[in-house]
1. Can you confirm whether L165 is part of a loop (DSSP other than H, G, I, E, B) and aliphatic (A, V, I, L, M)?
2. State whether the residues of segment 310-324 include one that is assigned to a helix (DSSP H, G or I), at pLDDT below 85 and exposed (fewer than 12 other Cβ atoms within 10 Å of the Cβ).
3. Please enumerate the residues belonging to segment 41-92 that are touching an Asp or Glu at 6+ places or on another chain (Cβ under 9 Å) and among the small types (G, A, S).
4. Buried (at least 20 other Cβ atoms within 10 Å of the Cβ), touching a Cys at 6+ places or on another chain (Cβ under 7 Å) and either of a type outside the set (A, V, I, L, M) or closer than 20 Å to G60 by Cα (or both): does that describe S402?
5. Restricting the search to segment 32-57, which residues are surrounded by fewer than 21 Cβ atoms within 10 Å (Cβ to Cβ), in contact (Cβ under 8 Å) with a residue 12 or more places away in the chain and farther than 23 Å from G100 by Cβ?
6. If I go through segment 220-262 residue by residue, how many of them are more than 14 Å from G293 (Cβ to Cβ), at pLDDT below 60 and not in a loop (DSSP other than H, G, I, E, B)?
7. Any residue at all in segment 335-345 that is assigned by TED's automatic domain parsing to the domain that holds R249, under 30 Å from W147 (Cα atoms) and assigned to a loop (DSSP other than H, G, I, E, B)?
8. Counting only residues that are in contact with a helix residue (DSSP H, G or I) (Cβ under 9 Å, 6 or more places away or on another chain) and in a helix (DSSP H, G or I), which one in segment 451-474 is surrounded by the most Cβ atoms within 10 Å (Cβ to Cβ)?
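The values are calculated or read from the model by the stated rules, or taken from the named source; none is laboratory data. Because the structure is a prediction, the values reported are computed rather than measured. A quick note on method: Cβ atoms are made from the backbone with ideal geometry, for glycine too, and the neighbour counts reach across all protein chains shown.
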Amino acid sequence: MKRYLYFFIFILMIIAVLELLQLSKITYYFPSTDLSSHIANIYFINNYGFHKIIPNWYNGYISFLVYPPGLFFLSIPFYKIINNPQIVLYVLLLLNLLIGFAGVYFLGKILKLNFIHKLFLFLSFYFNPVSITLFYIIGRLPEMLGWSFSFFYIYLIYKYKNKYLDKKFFAIIPVMAIIILTHPSIFILSSLFLLGLFLIKSNKERTFIIICLLISLLLTSFWLVPAFDEKTTYEIYKPFLNINLLTERILSFLTTIILAGLIFYNLRKNKKEILFYSPIILMSFLYVTKLAGYLPVLINMHPRSIALLLILTSLIIFLTSNYKNKFVRRSLIIILQVIPIIFLIIFFYKNVDDYPLYNNSHQEAISLLEDVEDKFIITGKSNVDIRTKDTYSYAAVKYNLSTPFGWDLIEGSYRDYKKNLTEAFNNEDCNRINRIINEIGGKEIISGYESCGILKECGFKEEKTTDNFCLYKK
């Protein structure tokens, strides 16, 4: 079967090179999506510190109170050398892949995979359409780093899957702690492998596993405890609701069917293996039926993160199984030639504006930042064509400007202010506009052309105007 993987690997290597070349632009173009927030957070942790007041956003907020700090801790030594958060972010992306490859290498070693199989596992996980969307387009690099360290986590689990737990198993503690600090959701998902190990072990070994888990939680309590205390005051994103989208429903169906088929064909007669994978089987059921969207914790997970768990599990089972049935073998050979072509088509078909801040419209808006001298906000009617979150990140990093709003997790009161302010502009309600801006402490306002007249009528002073945007001051 090994020789039939060469074409698959070749196509994925092309995709990997093209994707990394495309993303290298973030070293000189300021990106959009989550990447812009990561650049700002790299700037914040290196200029203000961890759990310190960040004056640039939300009239001063505590850094990493809820958002996991792992990726940004890793940025500190690189920032001291490079002193450019955009370049540092790209370095972290490459380091992320190196950590992932090392983790795959160790996991492959314990699974007795040859180098081609290891390379196939690495490329198939990091450069499939799901990963490309999550990691490189949306820019979920903390999640990517969580998965990269999870390979070491899963390696230790498989190492002791058929072996009695000894004191060397304590090595799992720092790995768990790192994943928790990097991305708690990925820790929960990858811990389904640990739960599987727990189910097949003796009571004494189960106690050992619980102790390791408790120690890892204790080690990360300096972040976990404040995060749990404060999370109720912050906007909590519930991405699992997106499962209703057609693409997500197709994805959940395909990943579940593939995993179920591999388990049924390869493991149906092995009760221990079925028990080991039972937590992941249950998760796949909750995923495809959308029941996960009604459960605490799971509702806050991105559905594609769950898809990645199922993809990873499927890859492991596929690579560690024998296929002696001629029909099954021939079918797999055909599939292995067709899937990479589909991946390549999807890769070239996607049309993503990765750097929208550099189109003419946004350059107009950003040019106004040079004249901002006090706390500013971007607001106006609901049709204002400005990427506000990305611009707030850009303003903080490039000009060290402050705003009552920002990119990060938003406290409920600020979320309401943004919504109410837009409504006030839509209704051209000057009293309400002035009251809200006074309450949040805004001093300067950038807005689209349709709202400029409203600002003037509401008593604001014009500072600068371009063809499509304006800057007004209280």
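1. Details: part of a loop (DSSP other than H, G, I, E, B): yes; aliphatic (A, V, I, L, M): yes.
Spelling it out, L165 is indeed part of a loop (DSSP other than H, G, I, E, B) and aliphatic (A, V, I, L, M).
2. Just the residues of segment 310-324 that are assigned to a helix (DSSP H, G or I), to begin with: 310-319.
Within this subset, residues satisfying the condition of being at pLDDT below 85 are none.
No, segment 310-324 has no match at all.
3. Within segment 41-92, S63 is the sole residue that qualifies.
4. In short, no.
5. N46, Y48, G49, F50, H51, P55
6. 3
7. Checked segment 335-345: no residue is assigned by TED's automatic domain parsing to the domain that holds R249, under 30 Å from W147 (Cα atoms) and assigned to a loop (DSSP other than H, G, I, E, B).
8. Looking at residues that are in contact with a helix residue (DSSP H, G or I) (Cβ under 9 Å, 6 or more places away or on another chain) and in a helix (DSSP H, G or I), I get S451.
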